[in-house]
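Taking it in order: structure first as structure tokens, then the write-up.
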Amino acid sequence: MCHYNLFRHADRTELICAVPEVRPVPAFITGPPWSFVGRVGDHADVSSGFDHQSAEVSVNYNGFYLFQLINASDLKAWVDRNHKERPREIQPLRMVAG
């Protein structure tokens, strides 16, 4: 499993785009209405709303995983947990022209 950068849509805050850290960020994410909100790693389980298996399938076809949160507090829990377990310097994101 890999770690994902998470982006949230400003107008539809339940809409999240997860992009593997090893992949370039899609062009539609490069600015408003999308913003970077954190990272999620291997520890997120299916019951919390982030499904690594679905993410892997989606990334193989699209290069990203777009999903809707049922419980908005899940995102904060994932990001907080990942920050505690994997502290590091924030790396610049690679953008893809589209």
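Looking across region 15-41, the residues that are over 12 Å from the mean Cα position of the chain (by Cα) and modelled with pLDDT under 90 come down to Thr30, Gly31, Pro32.
Matching residues to (1) surrounded by 13 or more Cβ atoms within 10 Å (Cβ to Cβ); (2) in contact (Cβ under 8 Å) with a residue 12 or more places away in the chain; (3) closer than 19 Å to Asn62 by Cα:
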site	(1), (2), (3)
Glu14	yes, yes, no
Val22	no, yes, yes
Pro32	no, yes, no
Gly38	yes, yes, no
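Residues of region 18-29 that are in contact with a His (Cβ under 8 Å, 6 or more places away or on another chain) and among the hydrophobic types (A, V, I, L, M, F, W, C): none at all.
Considering only residues in region 42-66 that are modelled with pLDDT under 90 and within 15 Å of Asn5 (Cα to Cα), the one that is nearest to the chain's Cα centre (by Cα) turns out to be Phe50.
The values are calculated or read from the model by the stated rules, or taken from the named source; none is laboratory data. Keep in mind the model is a prediction, meaning the values are calculated, not measured. Note that we place each Cβ from the backbone using ideal geometry, even for glycine, and neighbour counts take in every protein chain shown.
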